[in-house]
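Q: One structure coming up, written as structure tokens, with questions to follow.
The values are calculated or read from the model by the stated rules, or taken from the named source; none is laboratory data. Keep in mind that this is a model prediction, so the values were computed, not measured. Quick reminder, even Gly has a Cβ in these numbers, built from the backbone with ideal geometry, and neighbours come from all protein chains shown. All accessible areas refer to the heavy atoms of the entire protein, side chains included, with ligands and DNA or RNA removed. Shrake-Rupley method; radii C 1.70, N 1.55, O 1.52, S 1.80 Å.
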Amino acid sequence: MSVPTDANSTVPEPVEGSVAEADPLVTGEARQREPRWKRLPVIWQLRRSTGLQRGMLIAGMVLCAVFLIAAVFAPLIAPYGFNQLSDAGGNFPRQGAPSAQFWWGTTVGGYDVFSRVVWGAQTAVLTVVLAVALSIFLGIALGLVSGYLGGWLDRILVTIADAIYAFPSLLLAIVVSIMISGGESGFISGILAAAISITVVFVPQYFRVVRAETVRLKAEPFVESARVLGASTPRILSRHVLRNATRSLPLIITLNASEAILTLAGLGFLGFGINPTAASEWGYDLNRAISDVAGGIWWTGVFPGAAIVLLVLGITLVGESLNDLSDPRLRIRRRPKRVPRRTATAMKGAA
Amino acid sequence: MTAVQNHEGAATSPQAAVDIRDLRISFATDGEPVSAVDGVSLHVQPGEVLAIVGESGSGKTVTAKSILGLLPDNATVSGAVVLEGNDIVQLSPGQLRQVRGRDVAMVFQEASTALNPVYTVGWQIAEGLRAHGKYSKKQARERAVEILGTVGIPDPEKRVDHYPHQFSGGQKQRVVIAMALALGSKVIVADEPTTALDVTVQAEILDLLRRVRDDFGRAIVLITHNMGVVADLADRVAVMYRGEVVEEADVRDLFAHPQHEYTQHLLGAVPRLGAQTAYKVTAEAGPGEPAAPLVEARDLEIVYPGRLGRSGFRAVGGVNFTIAPGEVLGLVGESGSGKTTIGRAIVGLTRATGGSLNVLGHEMVGFKERTFRPLRSRVGFVFQDPATSFNPLLTVGEAIAEPLLIHGEATDAAGTKARVRELLDSVHLPTHYAERYPHELSGGQRQRASLARALALDPELLVADEPTSALDVSVQARVLEVFSELQERRGFATLFISHDLAVVGMLSDHIGVLYRGELVEHGAGRQVLTDPQHPYTQRLLASVPVPDPVEQQQRREALAAHRAAEG
Amino acid sequence: MTIADTATPPTAAAGKTSGGGGLGRYILVRFLLIIPTVFILVTLVFFLMRVVGDPISASVGGRLTPDQLNARLAEAGYDRPVLVQYFEYIGQIFTGDFGRTLTDNREISEILVTYGTGTLELVLYSLVVALVVGIPLGRFAAYRRDQIPDALLRIFAILCYATPVFFAALLLKLVFSVWLGWFPLGGRASTSTQLVLDRISGSTGINIIDALRTGRWDLISDVLAHAVLPAVALGLLTAGVFLRLVRTNLIGTLSMDYVDAARSRGVREGRLLRKHAYKPALIPIITVMGMQIALMLGGAILTETAFGWRGLGFQLAQYLGARDFVAVQGIVALLAVIVALTNFAVDVLAALIDPRVRY
């Protein structure tokens, strides 16, 4: 496949000073010199966005922030513990409808739905952070080395990564989760098991991206130039390849984080997540809620389900916007509004 | 701007095939809108070739695309482009569609991307015909066969059913021209139609375009940066600079008496065949023992390994040459000739597989990186594309300091500062550029910085792989000037790789001509350029269009005779 | 369930770059690539499952005395070195023998045949939903790029992706079964229907085919009514991916030079989209779609569990619950084969469209 050309190319570059080479800083690239924080990922894209894309990005960031707050301050926000079945006023009702005491009702086991949804945010965020951190670390290390060195090691790793990549990720996560914990476990071990299961599934994805970037960069003249200069392999990898190869990672992280949440929920739904008394987990709650539906009891399922949807939506919106904004073919530009000024006299100091 | 005023008097001529009046185009960007075309007025007579020349950013391509209304959404257009009585700028999308192809057609720069890879060429030609609604399927196909034959595609009845990837680069461009011809429009806009082609193929396509004008009476708007192409094909020339037409004249007048200082500068910067500026005798060292060569290739063979069970590709075979200390060897050849492969093999980026390649006393066939690494400080390399040869995350100063740090000339960044300043100064860049990032430099500046980096360790040998082919002609002149100056002062030997015979001729003591991986001719620079022995060198030289319409006409006739003689 | 929809599977790319060898060679090379894929997955699953210990201890170990357990282990050959067991297992798989389940002592290959048809039926229904919804909407979104319809469709696609299939199942059941009462709550067919279908001679196991063969409208409508909600739940998930896939790739090809070139010949905008942009875009679309179909099997486990749809996924969940790892291993190995075969078929299809591979 030929690579689609950059739609941007019809916009002329700053004129290369033809007579005396012009100083491009003067001709309009001064905007690149900005404080460092303004050039960080996400913030940089936010500043470049307009209209709809800006709306999507902000909506996504707000959703993510809400869940982060819920996760961090769960003990303060949730009226009850995630495994609390009674308080001073006696046992909680089972499958109680939403009321003043139980805003979102209670489950078949007698838990408060609202509290479990809030505590569930904590589980989800912890697992995802852990899983993404682990898979990035492994994926980058393997991808970098495999892509740069090539050879038989590279071929074997690629074949394995491809095989895993093509396989339903949930199935694999189940198998790994069985291996680690035998299926069920407490809070820390459960989160760890889920995170590792998700990691095994995602390492091939990070590996593929970083490796592809590394292979591309390896042929770039600036890396070849370092080779010609006699730089050692570790120096080339750390100074020239690593930072350039990981530029698209913010995007992949957001996309994989949403997949990690769905995988965690899927594991929980099939009963391979965390023990319900050890932590609150949305997927498990939905599993229990499925049979409630037949009786018209909607609140046990709709709230945890909506929590999953909204969190994934938020993360995906951020990821999609980052993707669009970093791809010149997809980025929306400001439309022309007014007749441009005449450029200043073009032929200054022709000599 | 007298030339523009002159032309405005003639612009009212009623029979003009294209009449552009006060065209202004700007693009919306993240910052201020960028003005690309600023008050251009031009007209093209029927059956004439108007060349619009200019360097990158001059607005020539945007002007050309506006004739077909093919500008992107973020463009704002004012003024008028009148074609057969219609003002393109004012037309509705539906009317524009009817005009495209019927009244004006386009030939694109990259024929390989202008043809849809999943449809046969016949299908694509027929589609254009049927879009204007006069053909049955059978008629359209017959017409496609006919037009393919006209543009010199052999065996058109069969080839009409072939897909684009089954044609060679030159043939693809013929097919694109056939599409433009098929619809019978009076005007054809050709945007850099030969830039992506080798010089021998370029000569053939230029002949075809001349036939398009002479035999079919079409007017051609030729967009190009190549003065040789202008001299070969154009009747009239408009020179664009930063969105404006600074000069417009008959082709012979323009080359003989350029009026505007920019035109003069541009023409002065074009390297001319055989106009050797630096010819040294170092290589032909007089009596006495000649110094041991820095590079010596004996029956050099370079084969790229094939995939699973396929035989490899032999890029270079049986090549012999030497590079003496202080000598500049120019390697010329067309794409696929193996010239870049040889340059890369000398610095160990590509593995030499057979024969012998001795670099600084080290055998490169089957070499080990570890034993060669110490020698790397004695070899410099300049890459073709200045945009990608710098790590975008390092400042120019850091990039130039890299070789110093790697080879222990300095232990930390602070220790390199003085040397980096000195190096920047030697390539005539302001020393404060060390703090800048590569994208903050223009292409020519980057290429000079690249030269500074390659020379940081005072190498004995420099390999320069097409160092100026990505640059505009006036920028190229400056880079070459800096290069010659440094080469003279420091006396390093150079392997200068280029497809441009004129550039190689300007710099080289010796020239080697590569053709399909073999060195077909090798000798002193002047001798190769003025008295070529091998038929391929003769054809190559004859194919290069020179920036002088009078001389070029003679050369063209000579080439035709040469071809006829070759059969 | 991947969202990286523009990624070209490297196996296909590797096949294409070698080009020039003609279609036959391409198919052959691509076919041989199935073997390492299946081999790696089977090996991976085998060793992952063995890390925890042997299957017998895992499933029934708690209920047996140490002596009984050892006897069972020796009988099943689990007391031998793992590598010996592994090679034996690989050998068995090559002869089509996937072993017997521990909990109910059935042939795994028989389970695959019995329940595989149910999963096949579900995946086919869902694929129809995904294609019918995803492709036209994706084309529409690309055509109306950055306008209101496009924005709405993109949010729709993200929602499809963000909704776990079991939550979609829950919502669909709540609204269409419980509140509106239009469709049944779960299962593949009513018990009475299923009895009739199972009894007809030469039953294919695919309910809709069997029902059509009886020609009885009540059976057909019963089977279809049961299929609607599961097909929509799994289909919409995939439709969201297809929509994005088609949109992104179409936008990519719409900006290619050859589209501009065709425009310069006066070709209509609608035709540019239909012919010039769509067909080249189809090549990556089909390849990624193939991977999606394989990945739908993961979604099928959840869908079948949520709807009580008796297919391979439902059965797999049951065996997972019972800790019957021989059964799990067998089913996963079979799925690996199906995944590899699907990807192969789809790559060949993509190659048929691409003249650069064909000639």
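Q: Do we find that A:Val62 is part of a helix (DSSP H, G or I), touching an Asp or Glu at 6+ places or on another chain (Cβ under 9 Å) and open to solvent by 10 Å² or more (accessible area, probe 1.4 Å) in this structure?
A: No.
Q: If we only count helices (runs of 4 or more DSSP H) wholly inside region A:142-253, which ones have 2 or more residues that are within 14 Å of chain C (Cβ to nearest Cβ), crowded, with 21+ Cβ neighbours inside 10 Å and out of contact with any strand residue (DSSP E or B) (no Cβ under 6 Å at 6 or more places or on another chain)?
A: Once the helices (runs of 4 or more DSSP H) in region A:142-253 are filtered for at least 2 residues that are within 14 Å of chain C (Cβ to nearest Cβ), crowded, with 21+ Cβ neighbours inside 10 Å and out of contact with any strand residue (DSSP E or B) (no Cβ under 6 Å at 6 or more places or on another chain), what remains is A:151-166, A:169-181, A:187-218.
Q: Taking C:Gly266 as the residue in question, decide whether it is out of contact with any strand residue (DSSP E or B) (no Cβ under 8 Å at 6 or more places or on another chain), in a helix (DSSP H, G or I) and among the small types (Gly, Ala, Ser).
A: No: the conditions fail for C:Gly266.
Q: Here is a further query. Need the failing condition index for C:Leu127 against (1) at pLDDT below 80; (2) open to solvent by less than 40 Å² (accessible area, probe 1.4 Å); (3) of a type in the set (A, V, I, L, M), just the number.
A: Failing condition for C:Leu127: (1).
Q: Could you tell me which residue of region B:362-398 is most open to solvent (accessible area, probe 1.4 Å), considering only residues that are at the interface with chain A (Cβ under 8 Å from one of its Cβ atoms) and part of a helix (DSSP H, G or I)?
A: This residue is B:Pro374.
Q: Okay, moving on. Check whether at least one residue in region C:179-190 is within 14 Å of chain A (Cβ to nearest Cβ) and part of a helix (DSSP H, G or I), and report yes or no.
A: yes
Q: Considering each residue of region B:118-158, count those that are assigned to a loop (DSSP other than H, G, I, E, B), under 19 Å from B:Arg100 (Cβ atoms) and among the polar types (S, T, N, Q), and give that number.
A: Number satisfying all stated conditions: 0.
Q: Can you name the residue in region A:227-259 that is among the polar types (S, T, N, Q) and farther than 23 Å from B:Ile400 by Cα and is also nearest to the chain's Cα centre (by Cα) among such residues?
A: Among those residues, the one meeting the criterion is A:Thr254.
Q: Name the single residue that is nearest to the other protein chains (Cβ to nearest Cβ) among those in region A:258-289 being of a type in the set (A, V, I, L, M, F, W, C), surrounded by 24 or more Cβ atoms within 10 Å (Cβ to Cβ) and farther than 17 Å from C:Leu170 by Cα.
A: A:Phe272
Q: Scan region C:191-226 for residues that are polar (S, T, N, Q) and either closer than 23 Å to C:Thr305 by Cα or in a helix (DSSP H, G or I) (or both) and jot them down.
A: Within region C:191-226, C:Thr191, C:Ser192, C:Thr193, C:Gln194, C:Thr204, C:Asn207, C:Thr214, C:Ser221 meet the criteria.
Q: Inspect all residues belonging to region C:163-170 and state whether any of them is of a type in the set (A, V, I, L, M, F, W, C), in a helix (DSSP H, G or I) and surrounded by fewer than 19 Cβ atoms within 10 Å (Cβ to Cβ).
A: No, that holds for no residue.
Q: Look at region C:132-155 and say how many of its residues are in contact with a helix residue (DSSP H, G or I) (Cβ under 7 Å, 6 or more places away or on another chain), of a type in the set (A, V, I, L, M, F, W, C) and open to solvent by 10 Å² or more (accessible area, probe 1.4 Å).
A: Of the residues in region C:132-155, 6 are in contact with a helix residue (DSSP H, G or I) (Cβ under 7 Å, 6 or more places away or on another chain), of a type in the set (A, V, I, L, M, F, W, C) and open to solvent by 10 Å² or more (accessible area, probe 1.4 Å).
Q: Which number in (1) surrounded by 24 or more Cβ atoms within 10 Å (Cβ to Cβ); (2) facing chain A (nearest Cβ under 10 Å); (3) small (Gly, Ala, Ser) marks the one condition that B:Ala401 misses?
A: Just one mismatch for B:Ala401, condition (2).
Q: Restricting attention to region B:76-95, report how many residues are open to solvent by less than 20 Å² (accessible area, probe 1.4 Å) and either out of contact with any Asp or Glu (no Cβ under 8 Å at 6 or more places or on another chain) or in a loop (DSSP other than H, G, I, E, B) (or both).
A: Residues flagged as open to solvent by less than 20 Å² (accessible area, probe 1.4 Å) and either out of contact with any Asp or Glu (no Cβ under 8 Å at 6 or more places or on another chain) or in a loop (DSSP other than H, G, I, E, B) (or both) within region B:76-95 amount to 1.
Q: State all residues of region B:292-315 that are at pLDDT 90 or above and either open to solvent by less than 10 Å² (accessible area, probe 1.4 Å) or of a type in the set (Phe, Trp, Tyr) (or both); if no residue qualifies, say none.
A: Result: B:Val295, B:Ala297, B:Leu300, B:Ile302.
Q: Tell me whether region B:499-506 contains one or more residues that are over 16 Å from B:Leu331 (Cβ atoms), out of contact with any Gly (no Cβ under 8 Å at 6 or more places or on another chain) and in a helix (DSSP H, G or I).
A: No.
Q: Name every residue in region B:303-340 that is β-branched (Val, Ile, Thr), touching a residue at least 60 places away in the same chain (Cβ under 8 Å) and under 26 Å from B:Gly169 (Cα atoms), in order of residue number. I'd like the intermediate steps shown before the answer.
A: Just the residues of region B:303-340 that are β-branched (Val, Ile, Thr), to begin with: B:303, B:316, B:319, B:322-323, B:328, B:332, B:340.
Imposing the further condition that a residue be touching a residue at least 60 places away in the same chain (Cβ under 8 Å) reduces the set to B:316, B:319, B:323, B:328, B:332, B:340.
Answer for region B:303-340, where residues must be β-branched (Val, Ile, Thr), touching a residue at least 60 places away in the same chain (Cβ under 8 Å) and under 26 Å from B:Gly169 (Cα atoms): B:Val316, B:Val332, B:Thr340.
Q: All but one of (1) within 13 Å of chain A (Cβ to nearest Cβ); (2) in contact (Cβ under 8 Å) with a residue 60 or more places away in the chain; (3) open to solvent by 50 Å² or more (accessible area, probe 1.4 Å) hold for B:Val359, so report the exception by its number.
A: Just one mismatch for B:Val359, condition (3).
Q: Taking region B:455-470 on its own, how many of its residues are at the interface with another protein chain (Cβ under 10 Å from one of its Cβ atoms) and open to solvent by 10 Å² or more (accessible area, probe 1.4 Å)?
A: Going through region B:455-470 one residue at a time, the tally reaches 2.
Q: Next question. For region B:113-123, name all the residues that are facing chain C (nearest Cβ under 9 Å) and in contact with a helix residue (DSSP H, G or I) (Cβ under 7 Å, 6 or more places away or on another chain).
A: Within region B:113-123, B:Thr113, B:Ala114, B:Leu115, B:Asn116, B:Pro117, B:Val118 meet the criteria.
Q: Now for a different question. Would region C:322-332 turn up any residue that is free of Cβ contacts under 8 Å to residues at least 60 places away in the same chain, facing another protein chain (nearest Cβ under 7 Å), in a helix (DSSP H, G or I) and open to solvent by less than 10 Å² (accessible area, probe 1.4 Å)?
A: no
Q: If you take the residues in region C:243-281 that are over 33 Å from the mean Cα position of the chain (by Cα) and open to solvent by 10 Å² or more (accessible area, probe 1.4 Å), which one is farthest from the other protein chains (Cβ to nearest Cβ)?
A: That would be C:Gly270.
Q: Of all residues in region B:208-242 being in a loop (DSSP other than H, G, I, E, B) and basic (Lys, Arg), which is farthest from the other protein chains (Cβ to nearest Cβ)?
A: My answer is B:Arg218.
Q: So, one more: Buried (at least 19 other Cβ atoms within 10 Å of the Cβ) and either modelled with pLDDT of 70 or more or within 30 Å of A:Leu192 (Cβ to Cβ) (or both): which single residue out of A:Gly120, A:Gly81 fits that description?
A: A:Gly120
Q: So, one more: Identify, from the list B:Ala256, B:Ala285, B:Ala249, the residue that is more than 21 Å from B:Glu192 (Cβ to Cβ), open to solvent by 50 Å² or more (accessible area, probe 1.4 Å), more than 14 Å from chain A (Cβ to nearest Cβ) and modelled with pLDDT of 90 or more.
A: Step by step, each of B:Ala256, B:Ala285, B:Ala249 is checked, and only B:Ala256 is more than 21 Å from B:Glu192 (Cβ to Cβ), open to solvent by 50 Å² or more (accessible area, probe 1.4 Å), more than 14 Å from chain A (Cβ to nearest Cβ) and modelled with pLDDT of 90 or more.
Q: Mind checking which pairs have a first residue in region A:225-239 that is without any contact (Cβ under 8 Å) to a residue 24 or more places away in the chain and a second that is among the basic types (Lys, Arg) and part of a helix (DSSP H, G or I), Cβ under 6 Å, 6 or more apart or different chains?
A: A:Gly230/B:Arg373; A:Gly230/B:Arg376
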